[in-house]
Structure formats: structure tokens, C-alpha cells
1. Against the condition open to solvent by 90 Å² or more (accessible area, probe 1.4 Å), β-branched (Val, Ile, Thr) and at pLDDT below 95, how does residue 4 come out, does it pass?
2. For the structure I just gave you, tell me whether residue 49 is open to solvent by 70 Å² or more (accessible area, probe 1.4 Å) and modelled with pLDDT of 95 or more.
3. Out of 42, 19, report the one residue that is part of a helix (DSSP H, G or I) and in contact with a Leu (Cβ under 6 Å, 6 or more places away or on another chain).
Amino acid sequence: MSDTSPTTEELQHGMVEQLMAVIGAPDDEDVARTADGVVRALDERLRAEAAA
């Protein structure tokens, strides 16, 4: 079984992309929800790395 979860770098790039999407569509709840998910995933990853 291979691990297909994104790397920290991929999450960081995804966060930038999603934040740019929020800037482009500040009233779009779906865009905001997606951006929130990426930020939360990155936060979780960074906390895990810091604890390791």
C-alpha cells in the first residue's frame, strides 16, 4: 500500500493557490471551504512534524 497523502511542500503550494482563489472570489463559500481544508491539513502536518 503506497502513501498518497500530499507532502508538506505540496500542501504549502496548495495553500497559496487556495488563498489566491479566495482573493479572486471572496464571496464564494465553496472556495473558502476548500481553502480552509488545505490550511487545516497543512496546520495538522506542521504540528505533527514539530512533535516528531
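The values are calculated or read from the model by the stated rules, or taken from the named source; none is laboratory data. The model shown is predicted, which means the values in this text are computed figures rather than measured ones. Here the Cβ positions follow ideal geometry from the backbone for every residue, glycine too, while neighbour counts run over all protein chains shown. Side chains are part of the model used for accessible areas, which takes the heavy atoms of the whole protein and leaves out ligands, DNA and RNA. Shrake-Rupley method; radii C 1.70, N 1.55, O 1.52, S 1.80 Å.
1. yes
2. Working: open to solvent by 70 Å² or more (accessible area, probe 1.4 Å): yes; modelled with pLDDT of 95 or more: no.
Spelling it out, it is not the case that residue 49 is open to solvent by 70 Å² or more (accessible area, probe 1.4 Å) and modelled with pLDDT of 95 or more.
3. Values: 19 fails: in contact with a Leu (Cβ under 6 Å, 6 or more places away or on another chain).
None of the other options fit; the residue is 42.
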